[in-house]
Amino acid sequence: PQGTNWTGSIDYLSLRGVGGGTKFGYDRPGIFNPAGRSQGFIDAWYIDDHGVDNLGLDRRTLTFPEAGRGRTLGRFQEDLPDDWQLRLELGEVTDRNFLEQYYQQEWEEQKDQVTRLGARRTWDNMSLELSASGLVDPFFTQTQNLPRLDHFWLGQPLLNDTLTWYEHTNLGYVNQRQVNQPTDPTDYNQFRFLPYDVDAKGEKLATRQEIDWPFQVGPVKVVPYGLGELADWGDDLAGNRIQRAYGQVGVRSTMPMWSVDPNVHSELFNVNGVAHKVVFGGEFSYTNASRNVDQLVIFDPIDDNNIQALRRRLDFEDYNGTVLNPNPPIPPSGPFLPANVFAVPTKFDERFYAVRRGDMDWVTGPTEIADDLTVFRLDLDQRWQTKRGIPGQEHVIDWIALDTNFELFPKPEENFGDTAGMLNYDFHWFVGDRLTLVSYGGYDFFSDGQRYTSVGGFISRPPRGSLYLGFNDYRGGPNILSDVITASYTYRMSPKWLSTFGTSFDLHEQGNIGESFRLTRIGESFLFSLGVNVDVSRGNVGVSVALVPRFLGHDPSVTRGQIDIPPAGLYGLE
């Protein structure tokens, strides 16, 4: 039917087995509300797998529990009358490594696959949602809500717009199940529980409120505020009932400035006048919590499944942490700090990173993240703008953009001994319409803190091609050191030939990371390509051959999406 799409596949992998699946998607007028919209998809793929998983260095031959492997993923959204919306998600995976092996990009970049049903109504600046979720995949840490009710009221003016009120209240019954340990011996020996990987259940009640008093002092907008939360959980990490109150008081301020010089001109940099726009921002906050964040079960997750899986199998020498009972029998024992827990030092613990970053400063932040903290947050956002375009049709563009922010901690012990930390910057220089230079970085100044810098340049010359060259420097922990050079290009060498290439190289122990090269013959009706891929981390070398109908346009498997190859002929079928 119109507005639907259904595909199927049957696959044979010579070293794995026979697989197949189907995907059905739709986007149609609403079922229960014809004036609304109904959309969604379901995607299922399974394989009778008789091979082994190769997931990179030290994980090249991983086994799995059952030969029948796969996943089912579905997401559906339906508009209902009276501004209600119904959402349903289905997510089921047969084992912990399936997505990383067969859907790596989806595993690393997309949201977690969960099973969840929710109904939400949004009106004006208020929303109400009733939801329920299930525990489906025992090898991921998941929170079951049976059910959960969330109410948001954001930016509500009070006292004739003198004050502004924000509110988030949630209540429900939650159940978290401790993640299962791997069955493969290699995976098992690398696996460690995180400190908050425990069985826990009970009620969860929390209400977080904020009152702002915005006013203007000359060019400076000043917003004193007060924020507080009361919360109750049925279980803490020790299995005891726990309540927490925390409050925060502070002041935020911003001051915009700008200046214009129409006399600045440069043919080399294509500059016709410059406007410099600056926004100074600052915030001081003092937070006091009746409980420490490391006493609480993290029912509102702060990391996706892929990040948690990485943390559980890190080379723990990188952080000089302590493993409690590193070789326990299966299953682990005890609900509090179970056997095989990696006690990461506090300065590398993601919960305290979230506290320092300010996740507790917002009404919509994760419920469990809050702790004592006194901090000044400073930021500076800058734009240098100019005019470009053909004479008489010039338009304003951002020429250079530089955003910076960092924190100052009056109590250095709350930042592991350093007063300053968490310095970040993001820089873009649009040198011309075809050349862009970029750089970003982040730095902590305490011992072994994170330090990363990325610098790169991108050249685009349509329709001929594009070129990228970049350098990434990473430091963190006592033993993490990486300097990676990356380069890639897409080049249309002639009307009949196109080539693409990419490479990454680590200047330290890793050395070569991988390359890919593809040569494409552009025919009248088809694109024929021959490619070579090298993945050193997984020990893989592959050769690919593709024949793509030209009416599909710039197929990313051939051009990486950088060059548009239009169909030949009027209808694209000649």
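The values are calculated or read from the model by the stated rules, or taken from the named source; none is laboratory data. Just so we're clear, the structure is a prediction, and the values are computed from it rather than from any experiment. Methodologically, a virtual Cβ is constructed for each residue, glycine included, from the backbone with ideal geometry; neighbour enumeration extends over all protein chains shown. We work out accessible area using only protein heavy atoms, side chains counted, and drop any ligands, DNA or RNA first. Shrake-Rupley method; radii C 1.70, N 1.55, O 1.52, S 1.80 Å.
Do any GluC sites (Glu not before Pro) in region 58-167 lie in a DSSP loop with no more than 15 other beta carbon atoms within 10 Å, and if so, which? Please report the intermediate quantities before stating the final value.
Working: sites: 66, 78, 89, 92, 100, 106, 108, 109, 129, 167; in loops: 66.
Those that pass, being in a loop and sparsely packed, are 66.
With the convex hull drawn around the C-alpha atoms of the chain, the volume per residue stands at 212 Å³. Heavy atoms of the protein only, probe of 1.4 Å, neighbouring chains included. What is the accessible area of residue 310 in Å², nearest 10? Roll a 1.4 Å probe over it and residue 310 shows about 80 Å².
Electrostatic tally near residue 108: other residues with Cβ closer than 11 Å to its Cβ, Lys and Arg +1, Asp and Glu -1, net -4. Using only side-chain charges placed at the Cβ, +1 for Lys and Arg and -1 for Asp and Glu, the dipole size of the chain relative to its Cα centre rounds to 1260 debye.
Using only alpha carbons, region 17-112 has a radius of gyration to Kirkwood radius ratio (Rg to Rh) of 1.13. Note on the chain: helix-only mean residue ellipticity at 222 nm, from DSSP H runs of 4+ residues weighted -39500 (n - 2.57) and normalised by residue number, equals -1500 deg cm²/dmol. By accessible area, using a 1.4 Å probe on protein heavy atoms only, region 460-530 has 64% of its surface on carbon and sulfur.
Cross-link pairs exceeding 31 Å in C-alpha to C-alpha distance, out of 277/347; 221/411; 23/201; 204/347, comprise 277/347; 23/201.
Looking at the chain, the accessible area is 51 square angstrom per residue; that uses a 1.4 Å probe and ignores ligands, DNA and RNA.
With the highest mean first, a sort of the peptides 397-404, 420-427 on other beta-carbon atoms found within 10 angstrom per residue produces 420-427, 397-404. The charge dipole of region 1-86, taken about its Cα centre with unit charges on the Cβ of Lys, Arg, Asp and Glu (plus for the first two, minus for the last two), comes to roughly 260 debye.
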